[in-house]
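Asks: Before I ask anything, here is the structure I am working with.
The values are calculated or read from the model by the stated rules, or taken from the named source; none is laboratory data. Predicted model only: the values in this text are computed from it and were never measured. Ideal geometry is used to build each Cβ from the backbone, glycine not excepted, and the neighbour counts take in all protein chains shown.
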Amino acid sequence: MMVKAEGIIIRTTDYGETNKIVTLYTKEFGKIGLMARGAKKPKSELSAISHVLFYGLCLFRKGRGLGVLYQAESLNPFRRIIENIEITGYAALIVELTDRLTEDGLPSQAIYRLLKDTLLLMEKGKDPAIMSAIFAMKMLPQAGIDPELTHCVRCGKQKSRYRFSIVEGGFLCDECALFDRYAIEMGGAVQKLLPIMRHVPLERLGKVSLKAKTIGMIETIIYAYYEQNAGIKLRSRKFIEQLSKFRTRDP
């Protein structure tokens, strides 16, 4: 069956000397694998579109197994993202997390819209670290590990101050923090921001600017939580950390 659908390439794999298998995430069909024949040839029409973060209208044959990509038309080249290695790293984290948390052939308009809108906002200049953290927070239910961010996860009481427990799965009051000696003291700003990042729609986000220490703490909590409770350790996260260390050493 020939299909034309809007989608974003979230992964590519070399196949043989000249071909690629691209993983496309679409609104209508979810995640699908497509063979891009000849995509590794420099003069191939598919070589320019068979890369991670390609976003466009794709013409492909869809079958029970691997489909075939024939052509595609770009809807946004994401130049700002691709031309900046730091932004590219955060965008790579977003598509990697999408790939890890979705199954083939199970469409979700909400996930597709979240993926597309997050990348478009980054392309427009929104802080990539903040946007990727928001994306990761909003994908927690998809991983089945949505944390408790409104009251203490153990006693159920609402307090003015909490710590974050990776093991318990959310906020812990000072009294219940005795049950988890590794609960993270996150500070008031992070405590307020985590529920906002999880629940506020992207279209309602205004201009957001955070201190490096604040976003660093948020990232530490989010990705430690994914690793501990979903077994997900992102390769792109390691790249971002290495890039940050390199820039810190750069005089």
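Asks: Taking only region 52-65 into account, find how many residues are modelled with pLDDT of 95 or more and surrounded by 14 or more Cβ atoms within 10 Å (Cβ to Cβ).
Replies: 9
Asks: Would you be able to say whether some residue in region 221-234 is assigned by TED's automatic domain parsing to the domain that holds M122 and in contact with a strand residue (DSSP E or B) (Cβ under 6 Å, 6 or more places away or on another chain)?
Replies: Within region 221-234, one or more residues are assigned by TED's automatic domain parsing to the domain that holds M122 and in contact with a strand residue (DSSP E or B) (Cβ under 6 Å, 6 or more places away or on another chain).
Asks: Sticking with this structure for a sec: Just checking, how many residues over region 175-209 are surrounded by 14 or more Cβ atoms within 10 Å (Cβ to Cβ), in contact with a Lys or Arg (Cβ under 7 Å, 6 or more places away or on another chain) and of a type in the set (D, E, K, R)?
Replies: Number satisfying all stated conditions: 1.
Asks: Run down A92, A72, A39 and say which single residue is under 27 Å from P141 (Cβ atoms) and at pLDDT 95 or above.
Replies: On inspection, the qualifying residue turns out to be A92.
Asks: If you go through region 82-100 one residue at a time, do you hit one that is in contact with an Asp or Glu (Cβ under 7 Å, 6 or more places away or on another chain), touching a residue at least 40 places away in the same chain (Cβ under 8 Å) and surrounded by fewer than 20 Cβ atoms within 10 Å (Cβ to Cβ)?
Replies: no
Asks: Could we say that R161 is surrounded by 15 or more Cβ atoms within 10 Å (Cβ to Cβ) and either acidic (D, E) or outside the structural domain of I8 (by TED's automatic domain parsing) (or both) here?
Replies: Criteria not met by R161.
Asks: I would also like to ask the following. List pairs: first in region 63-79 and farther than 14 Å from K20 by Cβ and of a type in the set (D, E, K, R), second modelled with pLDDT of 95 or more and assigned to a strand (DSSP E or B), Cβ under 9 Å, 6+ apart or cross-chain?
Replies: Final answer for the pair search is E73/G56; E73/L57; E73/C58; E73/L59.
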